[in-house]
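J.: Have a look at this one.
The values are calculated or read from the model by the stated rules, or taken from the named source; none is laboratory data. Just so it is clear, the model here is predicted, and its values are computed rather than measured. Cβ: placed from backbone, ideal geometry, glycine included. Neighbour counts: every protein chain shown.
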Amino acid sequence: MISNRRYWFLIALICLVYLAGTFVTLFENDSAQFAVMAMRMVQENDFLSLFKGPNEYLDKPHMHYWLAAFSFKVFGINQWAYRLPGLLATLLAAYSAYGLGTLLYHKNVGKFAALIFMTCQTIVLSAIDVRTDAVLTGFTIFSIWQLATYIEKEQLYNLLLGAFGAGLAFSTKGQIALVVIGLCVLCHLAYTRKWNLLANYKVILAILVFAVTITPMLYAYYHQFDLHPEKVIRGRNNRSGIFFIFWEQSFERMSGEGIGKNSSDFFFFFHTFLWVFLPWSVLALVGYFWRAQSFIKMRFVYHKGFEFLTFGGISFIFLLISFAQFKLPHYMNIMMPLYAVLTASYVYSLHKYTKIKVIKTLLGIQYFILSIVFIAVCLICFHVFKFNYWYNYVVLLSGLGLIVYFCLKQEPYYVRLVTISVYASLLINGVLNLHFYPELLKYQAGSTMAQKIEKGNIDVNNIYKFNEDYTWGLDFYNKKPVKITTLSGLAALNNPWVYATDKDLEILEQAGFKWDQQLTVDQFRITRLQGKFLNPNTRDKVVNKRHLVHLY
């Protein structure tokens with residue numbers, strides 16, 4: 001294993017990259033939307049009701065929004081306060097991956113698992129583009145770790161902590177948390193043949209802890225929906241929030257009913273995995289198939305030193321979510337700690353049993369991945385968004401110099417494999433968080449317009465729109481949702497400001513409205529990048545405009 005000094009140096013660099021991301025403007029749609037939903041809780045002092053804009057929100061449970069709202073209460077309404085709970089949950093997940101790896105294998109495997117988890121691409125991204133999955137992942141792997149510890153050591157407090165973590169995870173995103181936790185625990189019970197632990201009074205205590213933990217979320221759903229059967233949600237009345245979270249939610253996502261379908265590609269999560277787990281994807285796949293081969297040879301008979309929790313959990317969860325009709329890349333985040341432990345155990349076994357030839361081959365692959373990262377960084381910094389300041393070059397060259405030093409340094413192949421892989425993640429994500437995202441977000445109209453509004457001392461209470469497009473970035477940074485009205489409603493107002501698209505301006509002009517001031521900013525859906533946007537020569541062809549006009 002790499003030295004403690006090297007290990008903590010890498011952890012410190014990773015934390016700096018995470019820290020840099022906390023001060024970046026919030027992304028539309030989800031991050032800014034969820035931040036506005038939490039902001040509304042604080043401003044209206046209503047922590048029982050969830051709203052998405054003007055509409056009642058019956059989708060994800062309350063925990064993520066409660067944590068963000070609590071952070072807003074303590075630190076004020078700002079972007080880093082919104083990200084703080086997600087960042088802390090990510091650190092909890094890393095520590096839990098360490099704990100699970102240590103429990104199932106060895107302390108060195110646990111340390112390596114935490115390192116892999118914190119540097120895989122989707123987790124670094126989830127700490128800046130914070131959605132419910134960051135909190136979900138932290139609570140879920142914490143629960144799995146504690147429940148697995150109970151199976152191994154049979155101590156009551158581990159069981160109760162596991163139940164508490166499961167309750168928090170369920171209160172964050174519903175049934176998927178219990179499915180993931182349940183499959184992993186069942187796999188571990190089946191492999192270790194410890195089914196007798198289920199027939200124990202301690203399990204009843206765990207169920208009680210779980211029930212108490214989810215009670216606040218259930219009461220909030222009951223208060224908002226069950227007490228009001230007259231409310232129409234997605235075209236239906238008589239909607240029970242409690243029935244929804246216990247039964248309807250996951251089935252809607254699996255079938256695509258209610259929220260729609262976006263992919264029937266069974267292999268969606270396979271090719272998605274190739275980038276979400278970078279730079280460790282190849283190591284993870286090799287480790288997975290090596291583990292599959294080993295279990296087949298052993299006919300799945302228990303052998304000390306092996307575990308089925310990560311392999312079985314990954315296999316069953318991956319298969320299940322692949323059948324869903326609504327798929328997004330961050331749905332895989334909940335599995336990343338399991339992949340981290342499995343990958344760490346495989347690579348550590350190569351080191352332990354001196355598989356030099358295999359390690360050298362994998363090291364060559366990691367050098368190739370590093371070279372791809374280097375090319376991507378050069379394109380970002382010198383073509384997509386060119387550096388504007390001399391110190392940008394100093395930081396980049398310092399980072400590249402450090403990486404070259406470790407590439408050339410004569411060290412054991414295992415140490416180089418770990419170090420080079422981590423530096424590949426640090427290089428790309430350091431550039432993304434410090435340079436790419438800040439430049440990219442200049443094309444997010446809502447947050448950019450909010451800066452102009454603040455600079456111009458425009459009254460946010462006098463800003464309106466007459467379309468139903470969401471304006472999450474503008475709403476959050478104004479700390480005030482844009483009011484929705486109609487053309488006739490605008491005519492009755494006294495010199496309002498109107499936030500509008502190009503088409504909206506045409507409608508205003510045709511309706512006889514005139515304005516004496518106009519602010520204009522660029523707009524692009526920054527979470528859906530495309531080649532024409534990334535190419536500065538064709539960017540103007542896909543960038544739209546948003547306007548703020550003062551009617552008179």
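J.: Restricting to segment 1-35, what's the tally of residues that are charged (D, E, K, R) and within 20 Å of the chain's Cα centre (by Cα)?
T.: The total comes to 2.
J.: Right, here's the next one. Anything in segment 193-203 that is surrounded by 12 or more Cβ atoms within 10 Å (Cβ to Cβ) and either in a helix (DSSP H, G or I) or among the hydrophobic types (A, V, I, L, M, F, W, C) (or both)? List them, or say none.
T.: The answer is Leu197, Lys202, Val203.
J.: Name, by its number, the condition in (1) under 30 Å from Ser425 (Cβ atoms); (2) touching a residue at least 24 places away in the same chain (Cβ under 8 Å); (3) crowded, with 22+ Cβ neighbours inside 10 Å that does not hold for His106.
T.: (3)
J.: When Thr122 is evaluated against the numbered criteria (1) of a type outside the set (Lys, Arg); (2) closer than 23 Å to Leu417 by Cα; (3) assigned to a loop (DSSP other than H, G, I, E, B), which criterion, by number, is the only one it fails?
T.: With (1) of a type outside the set (Lys, Arg); (2) closer than 23 Å to Leu417 by Cα; (3) assigned to a loop (DSSP other than H, G, I, E, B) applied to Thr122, the lone miss is (3).
J.: Something else about it: Within segment 457-527, considering only helices (runs of 4 or more DSSP H) that don't extend past its boundaries, which have at least 1 residues that are without any contact (Cβ under 8 Å) to a residue 24 or more places away in the chain?
T.: Answer list for segment 457-527: 487-491, 502-510.
J.: A further question follows. On the given criteria, is Phe142 surrounded by fewer than 24 Cβ atoms within 10 Å (Cβ to Cβ), at pLDDT 95 or above and under 30 Å from Gln79 (Cα atoms)?
T.: Taking the combined requirement at face value, the residue does not satisfy it.
J.: What's the number of the only condition in (1) at pLDDT below 95; (2) touching a helix residue (DSSP H, G or I) at 6+ places or on another chain (Cβ under 6 Å); (3) surrounded by fewer than 20 Cβ atoms within 10 Å (Cβ to Cβ) that Ile2 fails to meet?
T.: It is condition (3) that Ile2 fails.
J.: Additional query: Would you point out the residue of segment 382-418, among those that are of a type in the set (Phe, Trp, Tyr) and assigned to a helix (DSSP H, G or I), that is surrounded by the most Cβ atoms within 10 Å (Cβ to Cβ)?
T.: Here the answer is Tyr414.
J.: Filter segment 500-552 down to residues that are hydroxyl-bearing (Ser, Thr, Tyr) and either closer than 19 Å to Lys465 by Cβ or under 28 Å from the mean Cα position of the chain (by Cα) (or both) and give me whichever is surrounded by the most Cβ atoms within 10 Å (Cβ to Cβ).
T.: Once the filter is applied, the top-ranked residue is Thr501.
J.: Here is a follow-up. Would you be able to say whether some residue in segment 62-69 is surrounded by fewer than 19 Cβ atoms within 10 Å (Cβ to Cβ), in contact (Cβ under 8 Å) with a residue 12 or more places away in the chain and in contact with a helix residue (DSSP H, G or I) (Cβ under 9 Å, 6 or more places away or on another chain)?
T.: no
J.: Within the group Lys465, Lys442, Lys452, which residue is under 29 Å from Thr501 (Cα atoms) and touching a Leu at 6+ places or on another chain (Cβ under 6 Å)?
T.: That would be Lys452, the only listed residue that is under 29 Å from Thr501 (Cα atoms) and touching a Leu at 6+ places or on another chain (Cβ under 6 Å).
J.: Moving on to the next point. Please name all residue pairs, on different chains or six or more residues apart, with Cβ atoms under 9 Å, provided the first residue is in segment 340-364 and is modelled with pLDDT under 90 and the second residue is outside any helix (DSSP H, G or I).
T.: Partner pairs satisfying both residue conditions: His351/Met1; His351/Pro412; Lys352/His106.
J.: Something else now. From the list Asp59, Asp46, Asp133, pick out the single residue that is surrounded by 24 or more Cβ atoms within 10 Å (Cβ to Cβ), of a type in the set (Asp, Glu) and under 30 Å from Tyr222 (Cα atoms).
T.: Asp133
J.: Condition first: surrounded by 13 or more Cβ atoms within 10 Å (Cβ to Cβ) and modelled with pLDDT under 80. Now tell me which residues in segment 235-250 satisfy that.
T.: Scanning segment 235-250 gives Gln249, Ser250.
J.: Filter segment 186-232 for residues that are farther than 27 Å from Leu309 by Cα, in contact (Cβ under 8 Å) with a residue 60 or more places away in the chain and out of contact with any Asp or Glu (no Cβ under 8 Å at 6 or more places or on another chain) and give the result.
T.: Correct list: Pro216, Met217, Tyr219, Ala220, Tyr221, His223.
J.: Kindly evaluate Val124 against the criterion of being crowded, with 22+ Cβ neighbours inside 10 Å and at pLDDT 95 or above.
T.: Judged against the criteria, Val124 is a match.
J.: Which members of segment 30-61 meet the condition of being touching a residue at least 40 places away in the same chain (Cβ under 8 Å) and among the β-branched types (Val, Ile, Thr)?
T.: Val36
J.: If you don't mind, there's one more thing I want to ask. Going through Ala169, Ala163, Ala190, Ala206 one at a time, which residue ends up being in a helix (DSSP H, G or I), modelled with pLDDT under 95 and surrounded by 15 or more Cβ atoms within 10 Å (Cβ to Cβ)?
T.: After applying the criteria, what remains is Ala190.
J.: What number of residues in segment 126-165 are without any contact (Cβ under 8 Å) to a residue 12 or more places away in the chain and not hydroxyl-bearing (Ser, Thr, Tyr)?
T.: Within segment 126-165, residues that are without any contact (Cβ under 8 Å) to a residue 12 or more places away in the chain and not hydroxyl-bearing (Ser, Thr, Tyr) number 2.
J.: Let me ask another. Assess whether Ile428 counts as being touching a residue at least 24 places away in the same chain (Cβ under 8 Å), surrounded by 20 or more Cβ atoms within 10 Å (Cβ to Cβ), in contact with a Pro (Cβ under 9 Å, 6 or more places away or on another chain) and not in a loop (DSSP other than H, G, I, E, B).
T.: Answer is yes for this residue.
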